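The values are calculated or read from the model by the stated rules, or taken from the named source; none is laboratory data. Here the structure is a predicted model, which means the values were calculated and not measured. As a convention, Cβ positions derive from the backbone with ideal geometry for all residues, glycine included, and neighbour counts pool all protein chains shown. Each accessible area value is taken on the protein alone, full model and side chains, heavy atoms only, with ligands, DNA and RNA left out. Shrake-Rupley method; radii C 1.70, N 1.55, O 1.52, S 1.80 Å.
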Amino acid sequence: MKIIQKKIFIYILIILVLLFLILQSYYLKNNFIKNKYLHAKIKKQQQNNMEFKTKYQKNIKKKNSNNNRHAKPLAAKTASILAKVKTLNLKLIDLNRTKNEINLNISGDFHSILNLIKYLEIEMIDLKIREFKLKDNNQNLFLFLKLTRWVDVK
């Protein structure tokens, strides 16, 4: 009787192990399919991002070529940037302007700095942000910007 019980127990264990293996292979197959689907979506999104990037760059170059004919002098651009800094309640720490470059050191809150960057990107399209450094100093942020003209960028 004990031998029969042992055999039944072994058969039950074998059946349970087989069921476990079948379930694991089913979950593995589903995870493999999901993984493949997600990789395809990621690849498609990366392609879309590249297309948008090239469109954006072409659009900027087109606007810059049109604006270069009517480009304001760098001094006028600096004045309009400083006016925007003042309206956004940012504190100008240092300003250095050369023939083709503007360096700004500014401090202020996050949203004001973000609005300044949006302004530069939208309104000052013939200027390129060449260098950008952001540092947190307790309550305010400190921003260093180096701007150059698109025509001067190589």
task: Taking the chain as the reference, fit the longest principal axis to its C-alpha atoms, fit the long axis of helix 74-87 to the helix C-alpha atoms, and give the angle between the two in degrees, 0 to 90, nearest 10.
output: 70 degrees
- line: Here the stretch 114-123 yields Karplus 3J(HN,Hα) values (6.51, -1.76, 1.60; θ = phi - 60°; whole Hz; Gly and Pro given as x) of 4, 5, 5, 5, 4, 4, 4, 5, 8, 8
query: What does the charge add up to near GLN47, with Lys and Arg as +1, Asp and Glu as -1, over the other residues with Cβ less than 14 Å from its Cβ?
result: +4
task: Report, ordered by chain and residue number, the aspartates and glutamates lying within cross-link reach of LYS41, taken as a straight Cα distance under 14 Å and ignoring same-chain residues fewer than 8 apart.
output: none
- line: Computed D for the stretch 74-149, Stokes-Einstein, Kirkwood radius over alpha-carbon pairs, 4 °C, 1.567 mPa s, to the nearest µm² per second, is 105 µm²/s
field: Å² per residue, accessible surface of the chain at 1.4 Å
entry: 80 Å²
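Based on the Kirkwood radius over alpha-carbon pairs, what is the Stokes-Einstein translational diffusion coefficient of the chain at 10 °C with 1.306 mPa s viscosity, in µm²/s? Walk me through the intermediate numbers first.
On the way: Rh = 20.7 Å.
The estimated diffusion coefficient comes to 77 µm²/s.
Which FRET efficiency value, to the nearest 0.05, is calculated for GLU121 and LYS41 with the Förster distance at 30 angstrom and r the Cβ-Cβ distance?
That pair, GLU121 with LYS41, gives E of 0.55.
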query: Over the chain, what percent of the accessible surface lies on carbon and sulfur atoms, probe 1.4 Å?
result: 60 percent
- prompt: What is the sum of charges around LEU114, taking Lys and Arg as +1, Asp and Glu as -1, for the other residues whose C-beta is under 13 Å from the C-beta of LEU114?
  reply: 0
task: Go from 0 up to the bin containing the longest alpha carbon distance in the stretch 1-66, width 10 Å each, and give me the % of pairs per bin.
output: 17, 18, 14, 14, 12, 9, 7, 5, 3, 1
- line: In deg cm²/dmol, rounded to the nearest 500, the helical mean residue ellipticity at 222 nm of the chain, built from -39500 (n - 2.57) for every DSSP H run of length 4 or more, is -22500 deg cm²/dmol
field: Only Lys, Arg (+1) and Asp, Glu (-1) charged, at Cβ; the chain dipole about Cα centre in debye
entry: 720 debye
